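The values are calculated or read from the model by the stated rules, or taken from the named source; none is laboratory data. Computed from a prediction, not measured in an experiment: that's the story for all the values here. Cβ: placed from backbone, ideal geometry, glycine included. Neighbour counts: every protein chain shown.
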Amino acid sequence: MNLVDTITAISTPAGEGGISVIRISGKNAFAVCSQNFYKDKNRKKKSSIENEKTHTVHFGYFYKGNELIDEVLLTVFRNPNSYTGEDVIEISSHGGYLIAGKILSELIRKGARHAEPGEFTKRAFLNGRIDLSQAEAVADLIKAKTDSAHSSSIKQLEGSLSDFVGRTRQEIINIISLVELELDFAEEGLEFVKKDEVRIQTENLIKKINSIVSSYINGKVIREGVNLVIAGRPNSGKSSLFNYLLKTNRAIVSEVPGTTRDYIEESIIINGILFNLTDTAGLRVSGDLIESEGIRRSYKKINDADLILYLIDSSDTPENIREDYDYFSKTFDTDKSLFFYSKNDLARKKIPCKENCISLLDDDSIENLKNEMISKISSGKILSSADGIIITNLRHKICLENVVTALSEAKVTLDRKMSGEFISVDLRNALNYLGEITGEVTNDDILNNIFRNFCIGK
Ligand SMILES: Nc1nc2c(ncn2[C@@H]2O[C@H](COP(=O)(O)OP(=O)(O)OP(=O)(O)O)[C@@H](O)[C@H]2O)c(=O)[nH]1
Ligand SMILES: [Mg+2]
């Protein structure tokens, strides 16, 4: 891993804005910047960034040869007290498309290398400033679109997962010492009492980790949102509801059944939860080729959905309503679907079950629908795990599952009355998988995979 180079990148997004920030990190960060930075416009005073104190800000002029590029502020961070743990300079220039790019090319000309995506954070990890799960939290934090995504990633950055890994590691080490201590003394393997203790501790640990593994379902909701598909017969009011929820006229609405052909997707946040809404073509048998294709796509979307909202037109005849309801209950999995009678203002006959009705002329009915959507996805599930930790990252989930497998193998070994050495091998495997989460155990492939998904300049 190359920690020798001095790296640089623009850390702010491209486009017009108040300021841009160019970051530079590494052994030569100060030397590289000193060549172009002057504290006075006449360039009489050559800057001596090398002598500046850490965490100080300096106003000055960034020159390229004789050309003034911009007035800038330069912030100095001395190692190890910086984001990367190395000497770091952050140059704040005016925003816009050109300036930051010009400064960047100057820094590269003077010997810095353009940073790869996530390389600053990767260095923070390699220099031991943060562990791997915290580095991943940085990426999630930047990408967070909802309060819940923000709060779970900031917790992880603050070390909630790292602490859990640390505590679990200690517990496994305790079990290992229980097993190995016995090995030193007893020729015949584990004593009966110790064996029970090892079993109980291992089982408890498995239970605890499993509860955290199962929090991943919520983690996925937090990270990616809920994929909610609005489905129903043609003309049941799907597109109208879709527009109402989005507060736009995104989808075409008309009284002609079969209006929506292709599906339409948009996202909204309800109660801090991101919903990825899909409006679909009304489900019916159609002779029209294009509509049929639309309906085929509707079914595909329905299959992939986390939650289906099925609308039944309450202005229809009682027979059709009954038939539609029968179709719904036969076709959809109740765990992941909700049905509502739509157009309640037009209902021919008041529908007995009040709660399941909506009308776009009645705001309260839509509020009620939203509440139902939230409680459907949270029905006992959006709770955090025993330790209050929610896993949002697939990699962490897989590592924890491997820990559980290794612990379960330790239990089997124990039950087979095999020698303590074998049990301890299983337990050490569990330790290894645990270490993969925080990056104590890692390899280039894992690292590259993680940091590839970062943005440049982070
Ligand atoms: N009175 C009343 N009319 C509604 C309500 N919701 C929808 N409509 C009307 O019902 C008709 C059909 O609405 P759409 O939203 O196009 O129905 P759809 O389910 O998307 O229909 P397809 O795309 O053909 O499958 C339109 O004329 C809407 O104005 C409602 O709550 N009350
Ligand atoms: Mg429609």
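Just a few scattered comments:
- Residue ID - nearest to HIS150 (Cα to Cα), chosen from residues in the range 241-268 that are more than 9 Å from ligand 2 (Cβ to nearest atom) and β-branched (Val, Ile, Thr): ILE268
- Count - residues of the range 426-448 that are closer than 14 Å to SER133 by Cβ and part of a helix (DSSP H, G or I): 8
- Residue match in the range 279-291 (condition: under 19 Å from MET373 (Cβ atoms), in contact with a strand residue (DSSP E or B) (Cβ under 9 Å, 6 or more places away or on another chain), at pLDDT 95 or above and not in a loop (DSSP other than H, G, I, E, B)): yes
- Residues that are under 17 Å from ALA100 (Cα atoms), surrounded by fewer than 15 Cβ atoms within 10 Å (Cβ to Cβ) and within 38 Å of the chain's Cα centre (by Cα), drawn from the range 26-67: PHE59
- GLU86 being among the charged types (D, E, K, R) and either outside the structural domain of PRO13 (by TED's automatic domain parsing) or surrounded by fewer than 22 Cβ atoms within 10 Å (Cβ to Cβ) (or both): no
- Residue in the range 374-382 that is modelled with pLDDT under 95, more than 16 Å from ligand 2 (Cβ to nearest atom) and more than 23 Å from SER267 (Cα to Cα) present: yes
- Criterion: in a helix (DSSP H, G or I), within 15 Å of ligand 1 (Cβ to nearest atom) and either of a type in the set (Ser, Thr, Tyr) or free of Cβ contacts under 8 Å to residues at least 60 places away in the same chain (or both) - qualifying residue of ASP262, ASP345, ASP326, ASP335: ASP345
- Leading residue by the ranking (surrounded by the most Cβ atoms within 10 Å (Cβ to Cβ)) among those in the range 434-458 that are charged (D, E, K, R) and at pLDDT 90 or above: GLU436
- If the condition is being charged (D, E, K, R) and more than 8 Å from ligand 1 (Cβ to nearest atom), then the range 265-289 contributes GLU265, GLU266, ARG284, ASP288.
- When restricted to residues that are surrounded by 14 or more Cβ atoms within 10 Å (Cβ to Cβ) and either among the acidic types (Asp, Glu) or not assigned by TED's automatic domain parsing to the domain that holds SER359 (or both), the range 302-334 contains 5.
- Scanning the range 239-258 for residues that are part of a loop (DSSP other than H, G, I, E, B) and either in contact with a Pro (Cβ under 9 Å, 6 or more places away or on another chain) or near ligand 1 (Cβ under 8 Å from one of its atoms) (or both) yields a count of 8.
- A search for C-beta distances below 6 Å between a residue of the range 225-242 that is farther than 21 Å from ASP363 by Cα and any residue that is near ligand 2 (Cβ under 9 Å from one of its atoms) and small (Gly, Ala, Ser), counting only pairs 6+ apart in sequence or on different chains, returns ARG233/GLY282; PRO234/GLY258; PRO234/GLY282.
- Looking across the range 27-54, just one residue is assigned to a strand (DSSP E or B) and without any contact (Cβ under 8 Å) to a residue 24 or more places away in the chain, and that is LYS46.
- Residue within the range 269-276 that is surrounded by fewer than 20 Cβ atoms within 10 Å (Cβ to Cβ), within 11 Å of ligand 2 (Cβ to nearest atom) and within 18 Å of LEU311 (Cα to Cα) present: no
- Residues in the range 90-147 that are of a type in the set (D, E, K, R), farther than 30 Å from TYR61 by Cβ and under 20 Å from the mean Cα position of the chain (by Cα): LYS122, ASP131, GLU136, ASP140, LYS143, LYS145, ASP147.
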